[in-house]
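Colleague: Handing you a structure now.
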C-alpha cells in the first residue's frame, strides 16, 4: 500500500480552507458517532439525511454528501482527510482561498453527478472532491515528489514522482470501475470524474494565465519537451519544429548558427557539470551536499546562480549550517536575478538578519528590511522585521 505523507511543494501560506474542511468533516463524523453512542440520535439517520441518492434526486444533497462518512469505521474518513491535507494545501495556495473552496465544492458536485450517471446507488464521502483536488495537483505540480509510507513485504519511507503516485491511484480506480460489480460500495466513477474535473480546471487556469506559471506545473513540462526536441533537431541539422517554422530554421541557417557559436571552454564545461550535479543532489533531497557543491561553484564563478527554487534551497541550507558569508552571497545573487520573485521579500528579511547579527552591515540591513516590511503578510515575519529594526536603533 502507498500512503502519502507530504509533498516537496509546501504551501507559502497557511492553508486555512483546507484545515477548515478537515475540521468540518471530522466534527460531523464525531457528532454522528458520539451521538449514536450516547443515544442522542442515530448516526445512520444522519447518513440517510445527507447522502446523495441519484434515483431520489435532491439538489442540496450534492453538497451535504461530501461531508458525511461511514460511521461504522474510521478508515473512510481517515484516508480522505489525509489525502485532502497532503494535496489540498498546495492547491489552495495556487488557487486562492475563496477559489479553492468553490473549486472543491464544485468538484464534489461533478463527482456526484458522474456517479449518478453510472449508478443509482447512494453515495457519501469527500472522495470525489478530493479526487478533484488530486487532479488539480497533477496539473499544477507534476514535477513535484511525494513522500510515501510503503508497506507490502517491507515498510519504509520513500519519495516518488507525483505523476507516478496519482497515476497509480487513477489506474486502480479505472480498473475497479470496469471490473467491479454494480453493487460495489465504492463510487469509482465519482473518483474518475473528480480527477478529470480537477486536472481540466488546473490546466485551463494555467492555459488562460489566470494563475501564473511556475517551474512545477504542466506547462513547464511542455516547455522542457520543446527544448529537448529543438536541441535534438539542432544537433541533427534539422528544423526546430515546435519553436518556429521550417522556413525560419532551415538546416542551412542552423549550420551557420553553429559555425558562429563560440566553443565551450573547460571552465564552462566544468561549471555546467557542477550545476547538473547540484540539481541532481537537490532532487535526491541531499541539500547538505548540494550546498557544499554550490560553495565550490561560487569559488569558480562568484556570480553563479541556479534556477529560482534551487538557488533558494541552497541559500537556506547554507544559512541553516551557519555558513553566513556564503548564505548571504547566495541570497544576494537570488535577489539580483529573481527580484520579482514572490519570495523576494522573505529573502530580503533573512539577508537583513544575516547582515545585522552575523556580518555587521547595519546600513544595508536597514535598507533591505524597510523595503521588505510593507510587503510582508506573515505575522511572524512582520514581527521579526520590527525586532530587527529596533535592534538597529538601539
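Colleague: Quick one: in region 75-95, of everything that is over 11 Å from residue 137 (Cβ atoms) and in contact with a strand residue (DSSP E or B) (Cβ under 9 Å, 6 or more places away or on another chain), which residue is surrounded by the most Cβ atoms within 10 Å (Cβ to Cβ)?
Modeller: Filtering region 75-95 for residues that are over 11 Å from residue 137 (Cβ atoms) and in contact with a strand residue (DSSP E or B) (Cβ under 9 Å, 6 or more places away or on another chain), the one surrounded by the most Cβ atoms within 10 Å (Cβ to Cβ) comes out as 85.
Colleague: In region 1-28, what residues are in contact with a strand residue (DSSP E or B) (Cβ under 9 Å, 6 or more places away or on another chain) and in a loop (DSSP other than H, G, I, E, B)? Outline the logic, then answer.
Modeller: Here is the first cut: in region 1-28, the ones in contact with a strand residue (DSSP E or B) (Cβ under 9 Å, 6 or more places away or on another chain) are 1-9.
Answer for region 1-28, where residues must be in contact with a strand residue (DSSP E or B) (Cβ under 9 Å, 6 or more places away or on another chain) and in a loop (DSSP other than H, G, I, E, B): 1, 8, 9.
Colleague: Here's another thing I want to ask about it. Go through region 158-275 and tell me which helices (runs of 4 or more DSSP H), entirely inside it, have 2 or more residues that are at pLDDT below 70 and either more than 30 Å from residue 106 (Cα to Cα) or in contact with a helix residue (DSSP H, G or I) (Cβ under 9 Å, 6 or more places away or on another chain) (or both).
Modeller: The qualifying helices (runs of 4 or more DSSP H) are 218-235, 251-260.
The values are calculated or read from the model by the stated rules, or taken from the named source; none is laboratory data. The structure presented is a predicted model; accordingly, all values stated were derived computationally and were not measured. Every residue, glycine as well, gets a Cβ built from its backbone with ideal geometry; the counts of neighbours run over all protein chains shown.
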